[in-house]
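The values are calculated or read from the model by the stated rules, or taken from the named source; none is laboratory data. This is a predicted model, so every value here is computed, not measured. Virtual Cβ from ideal backbone geometry, glycine too; neighbours counted across all protein chains shown.
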Amino acid sequence: MNDYFSFDLTKKDGEARLARFCTPHGVIHLPNFAPVGTQATVKTLTPDDLHALGTEIILANTYHLYLRPGTQLLANFGGLHHFMSWDGPILTDSGGFQVFSLAHRRDIDDDGVTFRSHIDGSKHRFTPETVIAAEEAIGADIIMALDECPPPTDRAYVEQSLARTHAWAARCQAAQTRPDQALFGIVQGGIFPNLRRQSAEFLAGLDLPGYAIGGLSVGETKEQMYATLDSLMPSMPTDRPRYLMGVGTPEDILEAVSRGIDLFDCVLPTRMARNGGLFTHNGRLNIRNAQYREDRRPIEEGCTCYTCQHFSRAYLRHLLQAKEILGLRLATLHNLHFMLRLMENIREAIAAGRFIEFKDDFLAAYRISDQQKRHENRAAYQARRTP
Ligand SMILES: [Zn+2]
């Protein structure tokens, strides 16, 4: 770490960690969740809305911002914080995940990856050095190293790509010129315990300010994901933040926090909201269903979000059925409020030394069908892919 960043682990409850990560744009209380703002906006919300929800960090996508509006333009505006008028911490991914999901429009080699834009078909090349340059122009507080995210159960491919991911992490570190951005390395290794361990140990040797776990929530089963975390976590450095990329259902977050993960991001809460999928403590409801047509109750009794304080399920259903923009906004406000309150409750439970009790109580009430789980898994993975 340097003068711009510090990590303070304040309490452990089992493996769950209560911590603070200080960045140039503010403190992130961990465990925490980063709403996704792919195109320099968390869809339908203003920065004031995000602050009112208690958002402490948002995620933006390098691939999308590089293509549009372009990283040079963002640099001309003094970086993404100024451009979008968000003064809190920002995290950018490396763009690798989106590029690699461009199945037939990309060509990968040991030096980098050449790809065609999903917008206009134009040809571009990402290397560790060009990705760091793009992330420095965007100017996020936390920036991710370029990595390759292979199919998690293909052992030969995973093993071969791991050497590439490690070499790229070292090149990203060497290419970095700004001390006010924390470069996180990404542990890969699919579902294979010894490859995961090898990856964690290699990256720890680079002494980076934080570490992410990539290549999960990409099509493997939940059992495989939890087992991978179980075997990997003892090899992860304890004195740095640990970020599980692309994970974000309430039950996955609770399971991962109980294994020592500190930070999450996921498009699911916001994307699902726009499709009428709303979180409650008893599971998920789809407000588009006919049963809510004349329902005068809020989405959830007792919810303190703006939407639940003012509007009925029937009104929200009407707005979404009529494709009114306000409907997308009200649904998004509720789901992010739910996720950020969940993270706050998790932190309070760890502080009080009763995290496992909190987790068990939450999961006992939060009932979603296996079909909904499979749908969530698929939706979370698909939504991270390009475009
Ligand atoms: Zn609400």
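Restricted to helices (runs of 4 or more DSSP H) entirely inside segment 203-320, those with at least 1 residues that are more than 16 Å from the ligand (Cβ to nearest atom) are 222-232, 250-257, 268-274. Checking the stated criteria, Glu357 turns out to be touching a helix residue (DSSP H, G or I) at 6+ places or on another chain (Cβ under 9 Å), free of Cβ contacts under 8 Å to residues at least 24 places away in the same chain, away from the ligand (no atom under 11 Å from the Cβ) and assigned to a helix (DSSP H, G or I). From the list Gly302, Gly283, the lone residue that is at positive phi, surrounded by fewer than 18 Cβ atoms within 10 Å (Cβ to Cβ), free of Cβ contacts under 8 Å to residues at least 40 places away in the same chain and of a type in the set (Gly, Ala, Ser) is Gly302. Only one of these conditions is not met by Phe338: (1) closer than 30 Å to Asp93 by Cα; (2) touching a helix residue (DSSP H, G or I) at 6+ places or on another chain (Cβ under 6 Å); (3) within 15 Å of the ligand (Cβ to nearest atom). Which number is it? That leaves (2) as the condition not met.
Scanning segment 196-229 for residues that are within 15 Å of Ala380 (Cβ to Cβ) and among the acidic types (Asp, Glu) returns a single hit, Glu220.
Restricting the first member to segment 96-110 and to residues that are among the hydroxyl-bearing types (Ser, Thr, Tyr), and the second to residues that are crowded, with 17+ Cβ neighbours inside 10 Å, the beta-carbon pairs closer than 6 Å and six or more apart or on different chains are Ser101/Thr386.
Of all residues in segment 146-153, none are closer than 19 Å to Gln72 by Cα, within 23 Å of the chain's Cα centre (by Cα) and touching a residue at least 24 places away in the same chain (Cβ under 8 Å).
Taken over segment 186-230, residues that are under 23 Å from Val267 (Cβ atoms) and among the small types (Gly, Ala, Ser) amount to 7. Cβ-Cβ contacts under 7 Å between residues 6 or more apart (or on different chains), taken from a first residue in segment 161-187 that is surrounded by fewer than 23 Cβ atoms within 10 Å (Cβ to Cβ) to a second residue that is assigned to a helix (DSSP H, G or I) and β-branched (Val, Ile, Thr), are listed as Ala175/Ile132; Gln176/Ile132.
Being assigned to a strand (DSSP E or B) and either closer than 15 Å to Pro250 by Cβ or within 16 Å of the ligand (Cβ to nearest atom) (or both) is a property that does not hold for Leu330.
Residues of segment 360-380 that are surrounded by 15 or more Cβ atoms within 10 Å (Cβ to Cβ) and either acidic (Asp, Glu) or within 16 Å of the ligand (Cβ to nearest atom) (or both): Tyr366, Glu376.
For segment 130-157, filtering for residues that are in contact with a helix residue (DSSP H, G or I) (Cβ under 6 Å, 6 or more places away or on another chain), among the hydrophobic types (A, V, I, L, M, F, W, C) and modelled with pLDDT of 95 or more leaves 7. Return yes when Ile261 is in contact (Cβ under 8 Å) with a residue 24 or more places away in the chain, of a type in the set (A, V, I, L, M) and assigned by TED's automatic domain parsing to the domain that holds Leu50 and no when it is not. Criteria met by Ile261.
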